[in-house]
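Worksheet: the structure to be examined is printed underneath.
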Amino acid sequence: MKMSLNGLKLLKEFEGCVLHVYKDVAGYSTIGVGHLLTEEEKHAGAVTIGGVKILNGHEITTEQALTLLAQDIVPAENAVNKYVKVSLNQNQFDALVSFTFNCGAGALQHSSLLTELNGGDYKDIPAKLSEWNKAGGKVCEALVERRAKEGELWQA
């Protein structure tokens with residue numbers, strides 16, 4: 001499965017979208033919807049999106065940011081496709097890809113959420129998602145809200 005356009009738009013809401021290169025909270029050069037510039041992109045002074053080179057210091061469009069996001073989301077999609085052994089509908093898949101994009105494939109792979117899901121327990125997944133609400137060991141309201149919306153999407 002692939003993340004739907006609806007899922008990508010929701011992920012954009014969670015992640016935010018900045019149309020120029022900036023330093024994220026961890027100090028990494030970032031553009032668009034959480035696209036971390038690679039060493040190659042930093043050294044080249046540009047990001048290439050769909051064959052178009054965008055020089056650092058210039059803005060990208062929202063459409064280009066979504067194109068980058070669609071590329072960046074592939075590892076999260078692959079992880080959900082690989083580790084989830086039960087059937088998912090599109091909304092469930094999108095919710096898990098959003099979670100995995102945010103927390104990482106390893107978090108999904110080693111989570112009790114995955115164990116329960118693969119055991120056929122679909123109903124408790126929103127509650128399991130809500131447990132992943134901390135950043136730096138402290139409850140983060142943005143993550144509480146994000147996990148709630150992922151849980152709603154799961155149930156939609």
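The values are calculated or read from the model by the stated rules, or taken from the named source; none is laboratory data. All values reported here derive from a predicted model rather than from experimental measurement. Positions of Cβ are backbone-derived with ideal geometry, glycine not excepted, and every protein chain shown enters the neighbour counts.
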*Would you pick out the residues in the stretch 22-44 that are over 19 Å from the mean Cα position of the chain (by Cα) and surrounded by 13 or more Cβ atoms within 10 Å (Cβ to Cβ)?*
GLU41, LYS42, ALA44
*Those residues that are over 16 Å from PRO126 (Cα atoms), surrounded by fewer than 21 Cβ atoms within 10 Å (Cβ to Cβ) and modelled with pLDDT under 95, I need them from the stretch 74-110; list them, please.*
GLY104
*Determine which member of the set LEU5, LEU10 is surrounded by 12 or more Cβ atoms within 10 Å (Cβ to Cβ) and of a type in the set (A, V, I, L, M).*
LEU10
*Would you mind stating whether ASP72 is closer than 24 Å to ALA148 by Cα and in contact with a strand residue (DSSP E or B) (Cβ under 6 Å, 6 or more places away or on another chain)?*
yes
*Taking ILE60 and the conditions (1) assigned by TED's automatic domain parsing to the domain that holds LEU143; (2) at pLDDT 90 or above, which numbered condition does it fall short on, given that it satisfies the others?*
(1)
